[in-house]
Amino acid sequence: MGKRLITQRRGRGFGRYRSPRHLRFTDATHPRIKPGSGTVMGLVHEAGRIAPLAKIEFGKVKQFMIAPDGLMVGQQVTFGAGGEIVAGNTMPVGTIPEGTIVYNIESQPGDGGKFARTAGTAATIVSHAKRTTLLMPSGKFKEVDKKCLATVGLVSGGGHKEKPLAKSGKKFHAYHGKAKAYFKVKGVAMNPVNHPHGGGGHPHVGTQSSVGRNTPPGRKVGRLAPQRKKKV
């Protein structure tokens, strides 16, 4: 008796295919507090996130933020307009000079930050008009409201790709932390008991190349519900 197909097992969402959400403890978004200053109490790691997080104390309020490159424990960071252009300070993009690199930029005022949040990324303030123009990490230009918050600096952890994983097991666990599907064997390379595309004298899909849209996950392989071409 063959194994169940990967699509069958993954579709149930258990075991290795489940995201470890219980290890995630923050969204690391901009807090909704009054302007002021806070102290960096420590740097922590969150599962599934490459960039380290900084634990900030704004008086009695404790908040996690994505740590910029060069941030140190005990450093003072400011929140709100009027702060210095120093890595870790958060302020509206309309008050940041042109040419400054920023990260964790809000798409709409108050959404907590949507852009340039991954390790080693940052956007650049290009110009100010009715809206602020940003050069995104992808190379595209984007306009946002001047009231949108952003943090000055570059997201730390940018050199993580320089260290080799060395073995496939480490990559497997790295993919599991992000709830991604690990590399899998193609169906035509399997035996016929393990996959509908398996078997044969040479790798080929065979007769069962198309399936209906309402079939169960175990049969839903190959071309999904191909439509007949209409004659013009």
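Quick one: putting +1 on the C-beta of Lys and Arg, -1 on the C-beta of Asp and Glu, what dipole do you get for the chain around its Cα centre, in Debye to the nearest 20?
On the way: 40 positive and 11 negative charges, 429 e Å.
Computed charge dipole of the chain: roughly 2060 debye.
What distance in nm separates the two pseudo spin-label positions at His160 and His128, each 7 Å out from Cα along the beta-carbon direction?
3.4 nm
Pick out which of Val40, Val77, Val211 has the largest mean-square fluctuation in a Gaussian network model of the chain, springs linking Cα atoms closer than 10 Å.
Among Val40, Val77, Val211, the largest GNM mean-square fluctuation belongs to Val211.
Where does each of 61-69, 106-114 land if you order them by average Cβ count within 10 Å, highest first? Walk me through the numbers on the way to the answer.
Details: 61-69: 20.0, 106-114: 14.8.
Final packing ranking: 61-69, 106-114.
What pairs from Lys114/Lys140; Lys142/Lys163; Lys55/Lys114; Lys114/Lys163; Lys62/Lys163; Lys55/Lys140 go past 23 Å between their alpha carbons? The partial results should precede the final answer.
On the way: Lys114/Lys140 15 Å; Lys142/Lys163 32 Å; Lys55/Lys114 20 Å; Lys114/Lys163 27 Å; Lys62/Lys163 33 Å; Lys55/Lys140 32 Å.
Result: Lys142/Lys163; Lys114/Lys163; Lys62/Lys163; Lys55/Lys140 exceed 23 Å.
Every number in this text was worked out from the coordinates using simple rules, so none of it is lab data. Since we're looking at a predicted model, the values are computed, not measured. Please note: Cβ atoms are built from the backbone with ideal geometry, for glycine as well, and neighbour counts cover all protein chains shown.
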